[in-house]
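Remarks on the structure that follows.
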Amino acid sequence: MDVIEAINGRRSIRAFKPDPVARETLEKIVAAALRAPSWENSQPWEFSVLGGEAMSDFKTAVMAMMKAGEKPRLDIPWPRLSGRYLERGKEDGRRLFRELGIAKEDREAVIRWWQSMSRFFDAPNGVVVYMDSSLGEWSLVDIGISVQSLMLAAWRHGVGSCALAAAVAYPDVIRSLLNIPQSKRIIIGVALGYPDLSNPAAQFRSSRDPMEAVVRWHGFSP
């Protein structure tokens, strides 16, 4: 699989088989993420890779917070989108729920879906990505590049992934569980596992606007 095949083939996987990914494979995936470029070669990313009992403890702790009605307190605030930026997500969300048979009015089903997001969609493995609090916006760009590299490498190895803010909605709990210092900001979670292609949640692909809607060409002949 070349890089273009990986880019075009990768999608956010939201249903996984229970089989854990071998540590050897996970190390290859993370090693690719560590090759990402960064400002002044600062390499701001840090990863906690979860599996086995640690993953189970993580899911249990997060679910306890949700069931207790605790509101998310992310280290990186939710974005406030509007206009077309907001509508893209709403369009795909409505289509995903239709394909999964979840009615918008079915509050319990919607809650279960949000809970599953916080549990890494019940993937057997996951990664929590964080950085030092002294770092700023450019380091977030670097981390985004690194996370993309991680997800593409995962796809190359037959491993599905999904980047999830919901998985890091309770950073203080995560810091305690994973012994992450208070001086670190938790950025994003990434679910990792083998896709369960019998589930439509693993087959769904988000839409993309056409190139002409977002790309401008300068200095080229018509």
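We did not get these values from a lab; they are worked out from the coordinates using the rules stated. In this text the structure is predicted, and so the values were computed from the model without any measurement. Glycine gets a Cβ as well: all are built from the backbone with ideal geometry, and neighbour counts include every protein chain shown.
Each label point is 7 Å from the Cα along the Cα-to-Cβ direction; what then is the distance between the points at VAL110 and GLU5, in nm?
Each label point is offset 7 Å from its Cα along the Cβ direction, giving 4.2 nm.
Quick check on the stretch 59-122: take the gyration tensor over C-alpha atoms, sort the square-rooted eigenvalues as a ≥ b ≥ c, and tell me if it's rounded (a/c under 1.5), prolate or oblate. It would help to have the intermediate numbers written out before the result.
Working: a/c = 2.23, a/b = 1.23, b/c = 1.82.
It comes out oblate by the Cα gyration axes.
Please rank TRP78, TRP113, fewest neighbouring Cβ atoms within 10 Å first, as an exposure proxy. Before the final figure, lay out each step's value.
Working: TRP78 9, TRP113 17.
Lowest to highest Cβ neighbour count: TRP78, TRP113.
Go through the stretch 64-142 and name the trypsin sites (Lys or Arg not before Pro) that are in a DSSP coil and have 11 or fewer other Cβ atoms within 10 Å of their Cβ.
On the way: sites: LYS67, ARG73, ARG80, ARG84, ARG88, LYS90, ARG94, ARG95, ARG98, LYS104, ARG107, ARG112, ARG119; in loops: ARG73, ARG80, LYS104, ARG119.
For trypsin sites (Lys or Arg not before Pro) across the stretch 64-142 that sit outside H, G, I, E and B with at most 11 neighbouring Cβ atoms in 10 Å, the list reads ARG80, LYS104.
Using square roots of five times the C-alpha gyration tensor eigenvalues, list the equivalent-ellipsoid semi-axes of the stretch 36-79 in whole Å, biggest first. Please report the intermediate quantities before stating the final value.
Numbers: eigenvalues 166, 65, 6 Å².
Here the semi-axes work out to 29, 18, 5 Å.
With a point put 7 Å past each Cα toward its Cβ, work out how far GLN43 is from ASP172 in nm, to one decimal.
If labels sit at GLN43 and ASP172, their model points lie 3.3 nm apart.
What is the distance in Å between the Cα centres of the stretch 72-149 and the stretch 190-216?
Cα centroid of the stretch 72-149 versus Cα centroid of the stretch 190-216: 13 Å apart.
Please identify the helices of the chain, taking whole runs of DSSP H, that span at least 27 Å along their own axis as judged from the Cα atoms and have a mean Kyte-Doolittle score of -1.0 or higher. Intermediate values should be presented prior to the final figure.
Values: long enough: 137-156 (29 Å, 0.74).
Counting only whole DSSP H runs, the qualifying helices are 137-156.
When the gyration tensor of the stretch 12-204 is built from Cα positions, what are the square roots of 5 times its three eigenvalues, in whole Å, from largest to smallest?
After diagonalising the Cα gyration tensor, the semi-axes are 25, 20, 18 Å.
To make sure I understand the rule: partners must be aspartates and glutamates, Cα under 16 Å from the Cα of LYS71, and not fewer than 8 residues away in the same chain. Which ones qualify?
The reachable aspartates and glutamates, counting only those whose Cα sits under 16 Å from LYS71, are ASP172.
Given +1 on the Cβ of Lys and Arg, -1 on the Cβ of Asp and Glu, and no further charges, what dipole in debye does the stretch 12-204 carry about its Cα centre, rounded to the nearest 20?
Values: 24 positive and 22 negative charges, 100 e Å.
I would put it at about 480 debye.
Give me PHE58, PHE97 sorted ascending by neighbouring Cβ count inside 10 Å, so fewest comes first. Numbers along the way, then the final one.
Numbers: PHE58 23, PHE97 16.
Least crowded to most crowded, the residues run PHE97, PHE58.
Quick one: net charge of ASP75's neighbours, Cβ under 11 Å, K/R +1, D/E -1? Working shown, then result.
On the way: positive: ARG73, ARG175, LYS184, ARG185; negative: ASP172.
Result for the neighbourhood of ASP75: +3.
Between beta-carbons, use under 13 Å as the cut-off and find the net charge around PHE97, counting Lys and Arg +1, Asp and Glu -1. Don't skip to the end; give the middle numbers.
On the way: positive: ARG14, LYS90, ARG94, ARG95, ARG98, LYS104, ARG107, ARG112; negative: GLU91, ASP92, GLU99, GLU105, ASP106.
Net charge around PHE97: +3.
Count the net charge of all other residues whose Cβ sits under 15 Å from the Cβ of LEU152, scoring Lys and Arg as +1 and Asp and Glu as -1.
On the way: positive: ARG10, ARG11, LYS28, ARG35, ARG156; negative: ASP2, GLU5.
Within the 15 Å Cβ shell, the charges total +3.
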